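Below: one structure, written as structure tokens.
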Amino acid sequence: MAELLTSIGNIFVFAARLCLPFLCFLLVFIVVKDLFKKQGKVTLAKLVTANGLEFNITNEESTIGRSKICDVILNIPSISRRHAVITYTKDYGFKISSVFDSEIMVNDTLIDGFAYFDFGDIIEIGGLQLKLIPAPVTDISSTSKPKKRGVMPAVLLTFIQLIILGELLIHFGTSFKIYVVISFAVLVLGEWIYYSFHGFKDNINIETLGFFLTTFGFAVAATKDPDSMTKQIITAVLGVVMFTVLQFVFKKMDLVIKLRYVAGILAVLLLGYNLVFGLTINGAKNWVRIGTYSFQPSEMVKFLFIFATAATLQRLLSKRNVILFLGLSGSCMGALVLMKDFGTCSIFFVTVLIILFMRSGNIKVISLITGFVAVASFFVAKYVPYVQRRFANYRHVWDDAYNVGWQQTQTMIAIASGALFGVGAGNGKLKFVSASDTDLVFGILCEEFGMIVAFCTVACFVIFALYSLSKIPYTNSAYFAIASCSAAGLWIFQISLNIFGSTDLLPLTGVTLPFISNGGSSMLSSWLLLSFIKALGKNVIKEPAEYYQNYEEALQ
């Protein structure tokens, strides 16, 4: 009987190894197909010159100026590169604000900072008069409403989860921990409740990829440290709950603007507490322990930093906002340098560059800052012992494969042994290497599930980045464009450090792979950052009629 069960188990694992890559690829393909379907662009209003030249207002926030990155480009010497911002609010209608005290007139009256105006009113910028008129019906191209796609993504995801759980059950046999089964059961049940609540529509694809990545995070935790599953499921559930709550918060921009200051202060306080009471592990003082629970404040600060530094166009181009942005950026990165957490500091720096580019588009300033930091990084790598050791081993791990190069050489061996289809969940050898479920986690994915599955997980982060870029023209607020692109860019850089560092293509920095690396702080932070990407897709312009009252009268 025991031999029969063993044979059945071996057949199941063999079939699972062949089927899992196909199911993962199919799930990602279906999600991508829905995420990147063609979307129409809506014209809310028009600005018309005296000689009939028209400029479309296609966003709730639009910049006006000579710069090519403006929404309304007026190539006139008397107009500043960024001269004004037009915003639309459902409560007060259209509003025009000056950028850095640029001169603007509304109906021949010089405005003081900002003014509200309506259809038929005339604004004057740099001597050019523009009349606001409603968008004609022929210009309206509504975005398609979410359609029910059935339960296919949910079914595929559940099959993937059950296959992985089955492999783990067979591998561990009678020594299997019951709460691993409970954790997967909670994950599957939670997904179906979430999908049912949203009616299985095609606007939940971002969450599907999040659940997909979380599944492999659970698999890694169960393989390496089954006792950590309780922490993983608690933080995953908390992350999904907070993800859902944030979607309601993001609907109220006034509330978001108020909470930005709270987020910024909380970020500084968390890093300050870490500096004073933090624990030094592997050379970096980036852990805080409260009772029996330990966490990394820097993981939470990633979300808080983006929440605080993203802004609407009206506030984005104000001097006060620029000063606050630079102050918070300097405080966070300075604290991380003092903590000697240079890996996370580099992630923050790249995030700051992304936000700087989206705020100003000034390549010269960004290049200057990058050059300065590159020089500073050179001296850090040369004279800081902790960093110096890591750079000394870079590209030389095979020279001392049984000592300083042990982790990375074992990771590369594991990747090669996993080939395309892997050796099966729990059957890998890399799990016995230190930090295999955090810094080297990509090796576990490749070894146990194969390169096809591993690259499907990596593809999810590329999808997040491409999705964020594709939605920028359709979002109704610069806040969500900046926040989403910053979160996606942060992830792209972070996974590059993790994957290339573990394979000796880059120095090993000790950063995690979002969703997948074992750790409650990382899991919670990943779901919080995902909320920005989700919010970008939800906050798109649909029809002019939804944005201002008496639309039919305006057309007449």
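The values are calculated or read from the model by the stated rules, or taken from the named source; none is laboratory data. Predicted model, so just to flag it, every value in this text is computed and none were measured. Because the Cβ atoms are built from the backbone with ideal geometry, glycine has one as well, and the counts that use them run over all protein chains shown.
A few points about this structure:
- Filter result for G291 (among the small types (G, A, S) and in contact (Cβ under 8 Å) with a residue 60 or more places away in the chain): no
- None of F500, F464, F480 is part of a helix (DSSP H, G or I), closer than 25 Å to A425 by Cα and of a type in the set (F, W, Y) except F500.
- Residues satisfying the criterion are absent from segment 119-140 (criterion: closer than 25 Å to L255 by Cβ, at pLDDT 85 or above and surrounded by fewer than 19 Cβ atoms within 10 Å (Cβ to Cβ)).
- The residue of segment 71-107 that is surrounded by the fewest Cβ atoms within 10 Å (Cβ to Cβ), among those that are outside any loop (DSSP other than H, G, I, E, B) and of a type in the set (F, W, Y), is Y88.
- Residue in segment 266-284 that is closer than 21 Å to T235 by Cα, at pLDDT below 80 and in a loop (DSSP other than H, G, I, E, B) present: no
- Among the criteria (1) in a helix (DSSP H, G or I); (2) modelled with pLDDT under 80; (3) not hydroxyl-bearing (S, T, Y), the one A311 does not fulfil is (1).
- Scanning segment 30-59 for residues that are surrounded by fewer than 12 Cβ atoms within 10 Å (Cβ to Cβ) and within 21 Å of K471 (Cβ to Cβ) returns K37, K38.
- Selected residue (criterion: farthest from G520 (Cα to Cα)) from residues of segment 187-228 that are assigned to a helix (DSSP H, G or I) and of a type in the set (S, T, N, Q): S196
- Count - residues of segment 260-289 that are surrounded by 15 or more Cβ atoms within 10 Å (Cβ to Cβ) and within 30 Å of Y194 (Cβ to Cβ): 5
- Identity of the residue in segment 229-259, of a type in the set (V, I, T) and more than 20 Å from G520 (Cα to Cα), that ends up surrounded by the most Cβ atoms within 10 Å (Cβ to Cβ): V256
- Residues that are buried (at least 24 other Cβ atoms within 10 Å of the Cβ) and either outside the structural domain of L169 (by TED's automatic domain parsing) or part of a helix (DSSP H, G or I) (or both) within segment 412-449 comprise A414, G418, L430, V441, F442, G443, I444, L445, C446, E447, E448, F449, listed in sequence order.
- Total residues in segment 508-556, condition basic (K, R) and modelled with pLDDT of 65 or more: 2
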